[in-house]
C-alpha cells in the first residue's frame, strides 16, 4: 500500500496568480490528515488534483495510491437510480448488488438499498456517499467538507461513523474542512493552506475519542486559529 508523496506541486489558471505554489505533502498509509484554510486558499484545487479531476498542475513528483475515492459536500446521488445502484455506479465488480448492500450495511443503511434517493434525509444521503466511496476499497479517501451542510447532531454521528470506518478499513484520509474543532477531533495531523502554500503542520497526539475541553486541544485550537488569522482573546472585559 502506497501513501501520498507530493513534491513542489503548483497550479495556475490562465491569466491568474498561482492557486497552489510549491506544495509538498506526505500522507502515510492509514494516516488521517485534515486540511484547513480560508476560502480561496487552494484547498478544493488540491483535492481535485489528488482525485485525478485536474491534470493542469506542475510538480517535481506526485505519487498516489492505486485506489482513490472521494466523498463531496453534496452527496451527488442520481435521483432516478435506486440507492444501491448509486453506490456501485461505474464500479466494475462482480455481484454489484451484494457489494452495494454490504457497503450500505457498514454505514447503517442496510434497509435503504432499494429506496429512491429523494426519500433520504441529508445525513442518510451523506452516508450513501460514504458507502459509495467504501465500495471502491480505497487506499486514499478524500473527504471534501462532507459534513458542512448537516445539523450539529447529525454531524457528530457522522464524525463517529467516519472514525469507525477509518479504523476498520485503514485508508489514508484527507479531510478538507473549515471547522477547526472538527479537524482536531478527527485527525492525526492538521495542515493549514494559505495562499496556495502549506503554512502549518500540527500533529494531534491525543487519544480518541477526544473532547474539545481537553487542555492540549484548546491550545492547539488557538495555534491553528492564529495561523488562520483569527485572534482569540478570551480575557474578560
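Observations on the structure shown:
- Residue 201-residue 105 pseudo-label distance in nm [points 7 Å out on the Cα-to-Cβ vector]: 4.1 nm
- Rounded to the nearest 500, the helix-only mean residue ellipticity at 222 nm of the chain stands at -9500 deg cm²/dmol, with each DSSP H run of n ≥ 4 adding -39,500 (n - 2.57).
- Put a dot 7 Å past the Cα of residue 211, heading toward its Cβ, do the same for residue 119, and the two dots end up 4.0 nm apart.
- Most fluctuating residue given options 197, 210, 155, as computed from a GNM of the chain linking Cα atoms under 10 Å: 210
- The chain shape via C-alpha gyration tensor axes, a/c threshold 1.5: oblate
- Stretchable slack from residue 39 to residue 63, in nm (0.36 nm times residue separation minus alpha-carbon distance): 6.0 nm
- Three-way shape label, region 168-237, alpha-carbon gyration tensor, a/c 1.5: oblate
- Length-normalised contact order of the chain in % [C-alpha pairs under 8 Å, at least 6 apart]: 26 percent
- DSSP beta bridges fully contained in the chain are about 50 percent antiparallel.
- Within the listed set 172, 56, 110, the residue fluctuating most in the Gaussian network model of the chain (springs between alpha-carbon atoms under 10 angstrom) is 56.
- Relative contact order of region 48-136: 35 percent, from C-alpha pairs under 8 Å at least 6 residues apart in sequence.
- Residue among 55, 92, 160 with the largest mean-square fluctuation in a Gaussian network model of the chain, springs linking Cα atoms under 10 Å: 92
- Length gained on full extension, residue 80 to residue 97: 4.5 nm, using 0.36 nm per residue less the C-alpha separation.
- Between residue 152 and residue 89, residue separation times 0.36 nm minus the direct Cα-Cα distance comes to 19.7 nm.
- For region 41-98, the equivalent ellipsoid derived from the Cα gyration tensor has semi-axes of 29, 16, 8 Å, listed largest first.
Throughout, read-outs are computed from the coordinates displayed, never taken from laboratory work. Only a predicted model underlies this, so the values are computations on that prediction, with no experimental measurement involved. Ideal geometry is used to build each Cβ from the backbone, glycine not excepted, and the neighbour counts take in all protein chains shown.
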